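Since the structure comes first, as structure tokens, the remarks are kept for the end.
The values are calculated or read from the model by the stated rules, or taken from the named source; none is laboratory data. Everything numeric here is computed off the predicted structure, so don't read it as measured data. Here the Cβ is made from the backbone with ideal geometry for all residues, glycine too, and neighbour counts use every protein chain on show. Note: areas computed on protein heavy atoms with side chains; ligands, DNA, RNA excluded. Shrake-Rupley method; radii C 1.70, N 1.55, O 1.52, S 1.80 Å.
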2 protein chains.
Amino acid sequence: MKLYGYWRSSCSWRVRIALNFKGLPYTYEAVHLLKDGGQQHTEAYRAVNPLRTVPTLELQEDGQVRRLAQSMAILEYLEERYPTPALLPQEPWARARCRMLAESVNSGIQPLQNTAVMQFVKGELKADERAFAAHWNVRGLTALEELVKETAGTYCIGEQVSLADLFLVPQLYGSRRYGVDLSPYPTLTRIEAACGHLPAFQAAHADRQPDAVPA
Amino acid sequence: MKLYGYWRSSCSWRVRIALNFKGLPYTYEAVHLLKDGGQQHTEAYRAVNPLRTVPTLELQEDGQVRRLAQSMAILEYLEERYPTPALLPQEPWARARCRMLAESVNSGIQPLQNTAVMQFVKGELKADERAFAAHWNVRGLTALEELVKETAGTYCIGEQVSLADLFLVPQLYGSRRYGVDLSPYPTLTRIEAACGHLPAFQAAHADRQPDAVPA
């Protein structure tokens with residue numbers, strides 16, 4: 001499998017954790033979201049993914065090249081295709097709560113502070129894009145801290161690493177970038193620290209990717 | 001089951017279609033997103049859903065009241081709990097494509113034009129919130145029109161109604177509200193028209209809800 005991604009893209013990062021966690025080897029192709037006006041806008045990449053987003057998962061099946069965009073869709077696909085080790089709990093209600101937590105990041109926070117939106121808020125609306133991002137991070141994390149308490153153990157859902165953790169960890173890295181004070185979210189940061197001990201999370205970290213330019 | 005929703009909320013609408021499609025009876029409790037500064041911000045509703053969003057699905061299980069937010073999480077839960085009639089294809093790659101299309105709306109378009117964001121863009125940034133919404137609709141629908149062609153039949157995924165259709169139909173209603181010209185998306189509007197013949201979609205339509213205030 002091949003993953004088109006960007007080191008600091010939280011959506012790419014989620015998929016990297018899943019691939020590592022499930023022990024699936026992959027090659028990584030960096031798509032620089034800022035260089036040359038954004039390599040995701042090139043004709044070549046638009047043929048790979050018309051959404052002009054990362055990640056895109058590429059795989060060969062039945063002699064065909066197949067491509068999938070949208071991190072949640074990729075993660076559900078990997079879970080169905082390679083169910084062990086699992087990233088969704090077995091119990092139906094726990095699965096539902098896990099997806100709810102993941103979606104609170106996926107559709108509730110990240111879309112409001114991705115590269116395209118930040119550029120638009122700054123460039124077109126002439127507004128402070130970091131303040132815009134921080135606003136939605138604070139609002140989203142406040143709710144997430146409350147929601148996660150119902151199920152949290154070492155991880156978001158008890159003692160099992162799940163999709164919810166894959167969405168949380170990269171999001172908090174982004175929150176810090178936008179200057180968000182994370183002290184009101186002790187449950188979230190405790191879970192983040194626990195995940196930080198796991199090799200699958202360590203190897204997926206933004207700063208450890210081949211295209212990383214750490215501060 | 002009880003669904004907290006708002007007639008014009010596309011996220012509530014998706015869940016209404018699924019409940020109808022699967023023949024699951026439910027009661028509907030309207031949460032007016034604009035009246036009284038937004039009923040989703042009341043203390044009573046925040047106890048129901050700390051995200052301050054609709055929909056919330058409420059159900060009783062083992063004598064307990066259980067609540068679930070986030071439309072995608074609700075839909076996946078309903079699909080697992082009540083698998084027939086199915087809203088996800090059986091074939092793994094078709095399932096993946098279906099979720100990708102749904103997520104292109106769920107995380108790619110809707111979050112950038114929901115009530116909270118529109119109010120913030122207008123009130124805080126003093127910008128044209130309708131133009132902001134229209135921008136992300138056009139960008140998202142352009143990609144979606146291209147992506148859907150790979151699998152489209154009568155519906156987004158061949159001849160089977162699926163989650164992708166549940167996300168598409170309410171989104172296009174929103175797109176029109178923001179003045180988006182839909183003529184560049186003939187595949188999407190053709191699928192929308194086909195869905196419009198189905199009772200499950202008809203009964204879920206915004207204008208037919210008890211709290212509707214049609215123009």
Item checked: Residue check, A:Ala164 touching a strand residue (DSSP E or B) at 6+ places or on another chain (Cβ under 7 Å) and among the aliphatic types (A, V, I, L, M) -> yes
Next item on the list: May I ask you to verify whether A:Asn106 is at pLDDT 95 or above and not assigned by TED's automatic domain parsing to the domain that holds A:Gly174?
Entry: no
Notebook entry, point to check: Out of all the residues in segment B:198-207, is one or more out of contact with any Phe, Trp or Tyr (no Cβ under 7 Å at 6 or more places or on another chain), part of a helix (DSSP H, G or I) and of a type in the set (Phe, Trp, Tyr)?
Noted result: yes
Next item on the list: Name every residue in segment B:183-203 that is hydrophobic (A, V, I, L, M, F, W, C), closer than 29 Å to B:Ala131 by Cβ and open to solvent by less than 20 Å² (accessible area, probe 1.4 Å), in order of residue number.
Entry: B:Leu188, B:Ile191, B:Cys195
Notebook entry, point to check: In the set B:Gln113, B:Gln70, which member is on the phi > 0 side of the Ramachandran plot and either open to solvent by 10 Å² or more (accessible area, probe 1.4 Å) or free of Cβ contacts under 8 Å to residues at least 24 places away in the same chain (or both)?
Noted result: B:Gln70
Note to self: For the structure I just gave you, tell me whether B:Leu125 is surrounded by 17 or more Cβ atoms within 10 Å (Cβ to Cβ), part of a loop (DSSP other than H, G, I, E, B) and facing chain A (nearest Cβ under 8 Å).
What the structure shows: yes
Note to self: Going residue by residue through segment A:107-125, is there one that turns out to be under 15 Å from the mean Cα position of the chain (by Cα) and among the aliphatic types (A, V, I, L, M)?
What the structure shows: yes
Item checked: Elements of type strands (runs of 3 or more DSSP E) contained in segment A:6-83, each with 2 or more residues being under 23 Å from A:Ser107 (Cα atoms), of a type outside the set (S, T, N, Q) and within 11 Å of another protein chain (Cβ to nearest Cβ) -> A:64-69
Margin query: Anything in segment B:136-148 that is open to solvent by 30 Å² or more (accessible area, probe 1.4 Å) and either more than 10 Å from chain A (Cβ to nearest Cβ) or under 19 Å from the mean Cα position of the chain (by Cα) (or both)? List them, or say none.
Written below: B:Val138, B:Arg139, B:Thr142
